[in-house]
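None of the figures in this text is laboratory data; all of them are computed from the coordinates on show. This is a predicted model, so every value here is computed, not measured. Using ideal geometry, Cβ is built from the backbone for each residue, glycine included, and neighbour counts are taken over all protein chains shown.
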Amino acid sequence: MNLVVCFKEVLVEDYLIERIRQEWSDVDIINVGQDRIAEVLLDADYFCGHAKVPVDWERIVQQGRLQWIQSSAAGMDWCLVPSVIDSDITITTASGVLADQVAEHTLGLIISWMRNLPTFLKEQHAKQTPDYRKFIRRPTRDLTNAVVGIVGFGGVGRRLAQVLAPFKLRIIATDLFPVAKPSYVAELWEADKLNDLLNQSDVVILCLPLNNVTKNLFDKNKFSQMRNNALFVNVARGQLVVTDDLIDALKSQLIAGAVMDVTSPEPLPPDNPLWDFANVIITPHVAGQFHRRFDNIVDIFTENIKRYKKGEKLINYLTPEGKKSGFPLRNASYPLWIDYNTK
């Protein structure tokens, strides 16, 4: 039986492979980079990783060999094509594994925008600017007392709410499955109350998975529902947003600004107008960066290997409905990493 492992462009480090081997000694581990993953997956029985190149999923499903995918990513749009969704392939995700890092990065983006830090940094370093090192006072805003709307209340959304709660603000959220509302969240609504959230929020944060329902969800209609003093935040997937509509919303001042770690397309071309807005901050999809990132992926995988071998419920398991949604469901009676990892 073959277990294919592929986390990144290059081979996974030997010590991580050894950790996996200690838990699953009776499989042959095939360690590959992205340049070979599409080819090697055709002969895989199990896969732990994330394919960032096109893969012939139709053929893989037809062969009926692949039994389990343990994703090293939270977003599952890379493999959840219709044939995989309808298949018997067991899928577990990395949802919540990097929630701490994404929450920290999101907070950094929001505070940087609120306190106008890019302007001050420019005045410190850009010698060609008229205000070089004069440190003229600039307008700033407060996160304290703001209304923050979190769109998608899964692993990242919940962790983000925890991080934001001490700022003396009001948190509201929407989710497809609005259950287990924390005490520090004022409202947790059904997804169909998104417009109510947009109408009320000073900061709107996208934490949604990308699927057929959420793709291009934020278009000109959604931006028109937002307050004109609102900050738009995307740390989920670029394709949740119609980029041209976001540009128009910024130009027409439908919203006050935007910060984002993801874009569509990605990477964003150098001549895209989003780069030129003074009220926009863009980072290059680095919110989940973490020096122990792949150690954490192996943590959840090795725990799931133990469960898989014993026939126990897997962490972050995608039920048939979860496959369609693209994320593990909180009310599906399967353990979630964001809960399990705090025990």
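Sequence gap at least 6, Cα distance under 8 Å: using those rules, report the relative contact order of the stretch 1-116 to the nearest whole percent.
22 percent
Springs between alpha-carbon pairs under 10 angstrom, Gaussian network model over the chain: which of ALA165, ALA180, ALA236 fluctuates most?
Top of the fluctuation ranking is ALA180.
My understanding is that a pair violates if its Cα-Cα distance is over 20 Å; which of LYS215/LYS323; LYS215/LYS324; LYS193/LYS222; LYS220/LYS251; LYS193/LYS215; LYS181/LYS313 do that in this structure?
LYS181/LYS313
Let me have the relative contact order for the stretch 99-282, percent, based on Cα pairs under 8 Å that are six or more residues apart.
Rounded, it is 18 percent for the stretch 99-282.
In deg cm²/dmol and to the nearest 500, what is the mean residue ellipticity at 222 nm of the chain if only DSSP H runs of at least 4 residues count, each as -39500 (n - 2.57), divided by the residue total?
Using -39500 (n - 2.57) per qualifying helix, the result is -9000 deg cm²/dmol.
Compute a Gaussian network model of the chain, connecting alpha carbons closer than 10 Å, and tell me which residue from HIS291, HIS50, HIS105 fluctuates the most.
Fluctuation is largest for HIS291.
Pairs of alpha-carbon atoms within less than 8 angstrom and 6+ residues apart define the contacts here; what relative contact order does the stretch 267-343 have, in percent?
18 percent
For a test of the definition: using alpha carbon positions, the gyration tensor, and the 1.5 limit on a/c, classify the stretch 199-290 as rounded, prolate or oblate.
Here the stretch 199-290 falls in the rounded category.
Looking at the stretch 145-196, which chymotrypsin sites (Phe, Trp or Tyr not before Pro) are DSSP coil and have at most 16 other C-beta atoms within 10 Å of their C-beta?
TYR184
What residue among SER83, SER201, SER325 shows peak mean-square fluctuation when the chain is described by a Gaussian network model with Cα springs under 10 Å?
The residue that fluctuates most here is SER83.
Could you give each residue of the stretch 58-70 its phi-based ³J(HN,Hα) in whole Hz, using Karplus coefficients 6.51, -1.76, 1.60 with θ = phi - 60°, and x for Gly or Pro?
Whole-Hz 3J(HN,Hα) from phi for the stretch 58-70: 4, 5, 4, 5, 4, 5, x, 8, 5, 9, 8, 10, 9.
What shape does the stretch 40-190 take by its C-alpha gyration tensor, where a ≥ b ≥ c are the square roots of the eigenvalues and a/c under 1.5 counts as rounded, a/b above b/c as prolate, and the rest as oblate?
Taking the square roots of the gyration eigenvalues as a ≥ b ≥ c, the stretch 40-190 is oblate.
Give me the tail of P(r) for the chain as a percent: Cα-Cα pairs with distance above 31 Å.
37 percent
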